[in-house]
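> Before anything else, here's the structure in question.
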Amino acid sequence: MLTRLLRTPLTWAAVVVLAAGAAVGLWWFQPWKVVTDTRVSERLSDVDAATPSAGPATTGDAGPVGPEVTATGPTLVSRGDFVTHEHDTSGTARIVRAADGRHRLELVGLATSNGPDLRVWLTDQPVRAGRAGWDVFDDGRWVELGRLKGNRGDQAYDIPAGTDLAGLTSVSIWCKRFAVSFGAAPLTPTG
């Protein structure tokens, strides 16, 4: 009976369809990423939360007084700690302004799950803890900084010149394939 079944074209067509479906399912969900980590250890900026912001020194409404205060090194602009959404996530996100005026997002001590199609987004959405915050980050304005380099460690992402940071108040580790946040951090100004 089994030998006869293996000789029919319908059986082979079913085998091919099942194999193709399994291959697509493996590619789509990438289940091996649940048990694998990608570690990153990039050099981050040496910043101090007390570093003064660059700009003119002022006294009340009198206008600029004296020479312009210029930061000689990187300045911490904003920071926040990650909260868990779809997957356990911890670490700190911070925006740093270099002495030349360029900005970059730095993820310090990031720890989250690996997953398919993970991106780093700056967004205008508030960070909500728990299930309520999983899928809100694509509702408003967002800027994609690139693919997540690794799910563990320190990493930095250049923020494109001309990006208006005024309304971008959070960062999300966003799974683009399933439209869900693995974790997010509010970005609170430091100066």
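> Taking Thr84 as the residue in question, decide whether it is of a type outside the set (Asp, Glu), out of contact with any His (no Cβ under 6 Å at 6 or more places or on another chain) and open to solvent by 40 Å² or more (accessible area, probe 1.4 Å).
For Thr84, the condition - of a type outside the set (Asp, Glu), out of contact with any His (no Cβ under 6 Å at 6 or more places or on another chain) and open to solvent by 40 Å² or more (accessible area, probe 1.4 Å) - is met.
> Based on this model, can you work out whether Lys149 counts as in contact with a strand residue (DSSP E or B) (Cβ under 7 Å, 6 or more places away or on another chain), among the basic types (Lys, Arg) and modelled with pLDDT under 95?
Considered against the rule, which asks whether it is in contact with a strand residue (DSSP E or B) (Cβ under 7 Å, 6 or more places away or on another chain), among the basic types (Lys, Arg) and modelled with pLDDT under 95, Lys149 comes out as no.
> Just checking, which of Val171, Val136 is touching a residue at least 12 places away in the same chain (Cβ under 8 Å), in contact with a Ser or Thr (Cβ under 8 Å, 6 or more places away or on another chain), of a type in the set (A, V, I, L, M) and not in a loop (DSSP other than H, G, I, E, B)?
Val171
> Across the range 134-172, which residue is surrounded by the fewest Cβ atoms within 10 Å (Cβ to Cβ) among those that are of a type in the set (Asp, Glu) and more than 15 Å from the chain's Cα centre (by Cα)?
Looking at the filtered set, the residue picked out is Asp164.
> Test of understanding: among Ala111, Ala185, Ala179, which residue is open to solvent by less than 20 Å² (accessible area, probe 1.4 Å) and either closer than 19 Å to Ser45 by Cα or out of contact with any His (no Cβ under 7 Å at 6 or more places or on another chain) (or both)?
Ala185
> Further question on the same structure: Residues in the range 119-133 that are under 24 Å from Gln155 (Cα atoms) and over 8 Å from the mean Cα position of the chain (by Cα): how many?
Qualifying residue count, the range 119-133: 8.
> Considering every residue within the range 72-79, establish whether at least one is over 17 Å from Trp174 (Cα atoms) and either open to solvent by 50 Å² or more (accessible area, probe 1.4 Å) or aromatic (Phe, Trp, Tyr) (or both).
yes
> From the list Arg119, Arg94, Arg128, Arg104, which one is in a loop (DSSP other than H, G, I, E, B) and surrounded by 15 or more Cβ atoms within 10 Å (Cβ to Cβ)?
When all the criteria are applied, what remains is Arg128.
> Here are some residues: Asp117, Asp139, Asp135, Asp124. Which one is farther than 20 Å from Ser41 by Cα and out of contact with any strand residue (DSSP E or B) (no Cβ under 8 Å at 6 or more places or on another chain)?
Residue meeting the stated conditions: Asp139.
The values are calculated or read from the model by the stated rules, or taken from the named source; none is laboratory data. Model, not experiment: these values are computed from the prediction. When we count neighbours, we look across all protein chains shown, and the Cβ atoms used for this are built from the backbone with ideal geometry, even at glycine. Quick note on the areas: whole protein, heavy atoms, side chains included, nothing else; ligands and nucleic acids left out. Shrake-Rupley method; radii C 1.70, N 1.55, O 1.52, S 1.80 Å.
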